[in-house]
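> To start, I am sharing the structure in question, which I have written as structure tokens.
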Amino acid sequence: MNTHLIFFSPTGTTKTILENIAKGIGKQIKIYDTTPAYSRITTTIKDGVAIFGVPVYAGRVPIVAAERIKNIKGDKTPAVAVVVYGNREYEDALVELKDLIEEAGFKVIAGGAFIGEHSYSSNEKPIAINRPDDNDKLAAFNFGKEITKKLAQNDLKTPNMKGNIPYKERIGIKGATPLTKFDICELCGTCSAVCPTDAITINNKVISDSEKCIMCCACIKKCPKEARYIATKATLERIEMLYKNCQIRKEPEIFI
Ligand SMILES: Cc1cc2nc3c(=O)[nH]c(=O)nc-3n(C[C@H](O)[C@H](O)[C@H](O)COP(=O)(O)O)c2cc1C
């Protein structure tokens, strides 16, 4: 029996949670990483259990994540929905992910909402910094154990999960993209390589396309020179709000 990990994870927190759930399940792991810009994974999973993970963007599943994971189909295969959010709220993302997975032919047997360092977090304005931490990883591991137990009992019931239908309306900050400090940037190309939407081109300088950018902040977090930064007024205001209002630690929630 394989444990299939299917995820979209620009800054890596979702991936870490899924890896720890898989450790708790303790079977052979197969990875389907839909994060790279040209990821076009199309397959059908018929054995074992499929764990789907996405970050929460404005209380929803990011559009690009929904588009990429929907090409991975099931054949009534047991599946688990996992969302990872930055200590604000996950709102309707978990039920939305559950619905997407079911439409793709899986049987959802469990769900979980975990916390990851907010994409907008920095040393100056930390928001859920360094999460998932050891406690979060243990919660993920124990969730894996629960999943194994449920499968062993042949219990394929879908539990109720927190969230509303219809889902909340999508909101986003249009036209925003991180910029580059050209005096520090060495044109190494890391930002371009880690961008999940191919929004960054290097051509004697770094060019960022705000139409393609989803503000995932992978380029900021992975730049070895710390040369990428946010300058958009609306995003800076959002960061200030999150920094002020989202400091009380939230804990993982499991639905099984
Ligand atoms: C555009 C955008 C919107 C976000 N919206 C939310 C949100 O509604 N609630 C929340 O708690 N965190 C939100 N976050 C934070 C991410 O869900 C969180 O940092 C997550 O751990 C990132 O996952 P990843 O490391 O797999 O990329 C948002 C992040 C971005 C980039």
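The values are calculated or read from the model by the stated rules, or taken from the named source; none is laboratory data. Bear in mind that the values here come from a model prediction, so they are computed numbers and not experimental data. Here the Cβ is made from the backbone with ideal geometry for all residues, glycine too, and neighbour counts use every protein chain on show.
> (1) away from the ligand (no atom under 14 Å from the Cβ); (2) at pLDDT 95 or above; (3) out of contact with any Ser or Thr (no Cβ under 6 Å at 6 or more places or on another chain): which one isn't true of MET1, the others all being true?
The single condition MET1 does not satisfy is (2).
> Still on this structure, please answer the following. Output the number of residues of region 127-147 satisfying the condition of being within 12 Å of the ligand (Cβ to nearest atom) and out of contact with any helix residue (DSSP H, G or I) (no Cβ under 6 Å at 6 or more places or on another chain).
5
> Please work out if VAL64 is among the hydrophobic types (A, V, I, L, M, F, W, C) and within 15 Å of the chain's Cα centre (by Cα). Full working, then the answer.
Values: among the hydrophobic types (A, V, I, L, M, F, W, C): yes; within 15 Å of the chain's Cα centre (by Cα): yes.
Against the criterion (among the hydrophobic types (A, V, I, L, M, F, W, C) and within 15 Å of the chain's Cα centre (by Cα)), VAL64 qualifies.
> Looking at the structure I just gave you, is LYS23 surrounded by fewer than 21 Cβ atoms within 10 Å (Cβ to Cβ), away from the ligand (no atom under 12 Å from the Cβ), in contact (Cβ under 8 Å) with a residue 24 or more places away in the chain and assigned to a helix (DSSP H, G or I)?
Values: surrounded by fewer than 21 Cβ atoms within 10 Å (Cβ to Cβ): yes; away from the ligand (no atom under 12 Å from the Cβ): yes; in contact (Cβ under 8 Å) with a residue 24 or more places away in the chain: yes; assigned to a helix (DSSP H, G or I): yes.
The answer is yes for LYS23.
Here's the yes/no breakdown for (1) of a type outside the set (Val, Ile, Thr); (2) within 16 Å of the ligand (Cβ to nearest atom); (3) modelled with pLDDT of 95 or more; (4) not in a strand (DSSP E or B):
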residue	(1), (2), (3), (4)
LYS73	yes, no, yes, no
VAL84	no, yes, yes, no
LEU97	yes, yes, yes, yes
GLY112	yes, yes, yes, no
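> A further question on this structure: Check region 151-158 and report whether any residue there is of a type in the set (S, T, N, Q), touching a residue at least 12 places away in the same chain (Cβ under 8 Å) and within 16 Å of the ligand (Cβ to nearest atom).
Just the residues of region 151-158 that are of a type in the set (S, T, N, Q), to begin with: 153-154, 158.
Applying the additional criterion that residues be touching a residue at least 12 places away in the same chain (Cβ under 8 Å) yields 158.
Going one step further and asking which of them are within 16 Å of the ligand (Cβ to nearest atom), we end up with none.
No, region 151-158 contains no residue that is of a type in the set (S, T, N, Q), touching a residue at least 12 places away in the same chain (Cβ under 8 Å) and within 16 Å of the ligand (Cβ to nearest atom).
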